[in-house]
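The structure under discussion appears below in the form of C-alpha cells.
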Amino acid sequence: MTRFSKLISLSMLAFACLLAATPAQAETREMKMTIDEVTLPVAPDLNYKVFAFNGQVPGPLIHAKEGDDLIIHVTNNTSLSHTIHWHGFHQTGSWRMDGVPGITQEPIKPGETFTYKMIADRPGTLWYHCHVNVNEHVGVRGMWGPVIIDPANPTALEKTVTKDVLMMMSTWESANADKYGTGSTPYDTEDYFSVNGRSFPYTQPIRLKTGDVVRVRFFGAGGAIHSMHIHGHDWTVTHKDGLPLAAPYKSETIMFGPGERYDAIYTANHKEGRFIFHDHVDKHVTARGKFPGGPITVQEYEGTPMDSWYVWKDKDYDPDFFFQESMKKGYGLFEQPRLRGVKPVKEKRGSRHN
Ligand SMILES: [Cu+2]
C-alpha cells in the first residue's frame, strides 16, 4: 500500500466512524418554560386555580436523548415562589440544578427567571415538579410534567412500540380550588381524582388500530396511590421509575404511589371494540362524592360500530390528551394547547364601581 492510499483509507475509516457516531451524539437542547396562574377545568363542576407550567396541566412534554445537554430557562409569572426538581436525573456534576429550595438553590421568586443546565444522564420515564410547598404545589396545584429520555440502547420490545400513552395521576380538593397557598394537608379532603388533570367525563378516549403496540407510562404525580386496570388486554411491565426491570412481568392491574413511574407495553390485539381503562381504587371513580368521575378512559378500536347509547358517542376528541402525538414529534419541548387552563380576566381599573 502506498503512503497516499494508506492516507485515503485511514481518512475514509475516520469518516465512517464519524457517520456511525452521529446518531448517538449528544445535542444541546435549549427550552423556555413559564409558570402561570390559570384556572383548570378539571371536571364539569370543578374549576381549579393552578400554577401551570406554560399555562397547562400536565406541563409540556420534554423529550430528549440520553446524553443530551439541556438548558431550560424558567420564568415565574405567579405570585408565589417555585423551583423545578428534575425527578430521576442524577445531576452528575450539576447538583445545584436539583431544584430543591434551601438545599441547592434559592426559590425562583415572582417575576424572576432561573436557568437549569444539566445532562440527560439517565434514560427513561422521568418527570419534573415544583419543590416549594410540595404538598400544595405538587399535590393540588398541577405543578408537574413529563420528561422522556430515550435510551441509547432500547430493548427489542421497546423498539416495537407504535404509540406512547402518558398518564399522570393526581387528586383535587374542591374546598381549596380558589385558595392559593392552602390545601393538601392531613386536614384536607380530596374529592376529585384525575388523569392528566381531568376527571371523567373531561378525560379522553384512546383511539387504537389493531396491531398497535402501546406503551403506557404511568406517573404517580399527586399524593394518592392508584391501581390502574385495563380491560381486554394484558401488558408487560418493563420499567420501574424509568429503570429496566431484571424480570419484566405480565399483569392487567398496576398499583403505584406518589413519585413512582411504571412502563407497561401491550398489543392492541382485538379486531374491534371499546374497552374501559380505569383506576380500580373504587373511591377514585367518583367526583364530589358521585359516580362516575375520575381517571376513566376508553380504548376505542378503529372501525368499531357506534352505538347511540355510547357515553362518548359525540366526544370532541383530543388525539394528544395522553401525549400520543407529541411523543412522535422528535426532540425538544412540546406544548399541548388543549391541556391549557384559562387565564384570569384582568379587571379594568374602576370597572367594579361603574
Ligand atoms: Cu411551586
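No value in this document is a laboratory result; all are computed from the given coordinates. Owing to the predicted nature of the structure, the values given are computational and were not obtained by experimental measurement. Cβ sites come from the backbone with ideal geometry, for glycine too, and all protein chains shown count toward neighbours.
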Per the charge dipole of the chain (beta-carbon charges, Lys/Arg positive, Asp/Glu negative, Cα centre), the residue among 259, 229, 101 reaching farthest to the positive end is 101
Of every Cα-Cα pair in segment 156-323, the percentage lying beyond 19 Å is 57
Taking a crude spin-label model, label points 7 Å out from Cα along the C-beta direction, the residue 69 to residue 157 distance in nm is 3.6
Whole-number value, in Å³ per residue, for the convex hull of the alpha carbons of segment 26-150 is 92
Rounded to the nearest 10, the angle in degrees between the Cα long axis of helix 3-21 and the longest principal axis of the Cα atoms of the chain comes to 10
For the chain, whose charge dipole is built from +1 on Lys and Arg Cβ atoms and -1 on Asp and Glu Cβ atoms, the candidate among 175, 248, 324 with its Cα farthest towards the positive end is 324
Of the listed links 283/346; 32/346; 117/159; 32/328; 32/290; 179/240, those spanning more than 32 angstrom between alpha carbons are 283/346; 32/290; 179/240
The convex hull of the Cα atoms of segment 93-168, divided by residue count, gives a volume in Å³ per residue of 129
Restricting to Cα pairs under 8 Å and 6 or more apart, the percent relative contact order of segment 18-97 works out to 34
In debye to the nearest 20, the charge dipole size for segment 165-296, taken about the Cα centre with +1 at each Lys and Arg Cβ and -1 at each Asp and Glu Cβ, equals 420
If one builds a Gaussian network model of the chain from Cα atoms under 10 Å apart, the most fluctuating residue listed among 279, 188, 241 is 188
For the chain (alpha-carbon point model, no solvent) the Debye-based log₁₀ I(q)/I(0) at q = 0.08, 0.15 Å⁻¹ works out to -0.42, -1.32
Per the helix-only model, the chain has a calculated mean residue ellipticity at 222 nm (DSSP H runs of ≥4, -39500 (n - 2.57) each, divided over all residues, rounded to the nearest 500) of -2000 deg cm²/dmol
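Going through segment 28-113, which trypsin sites (Lys or Arg not before Pro) have at most 11 other Cβ atoms within 10 Å and a DSSP loop state?
none
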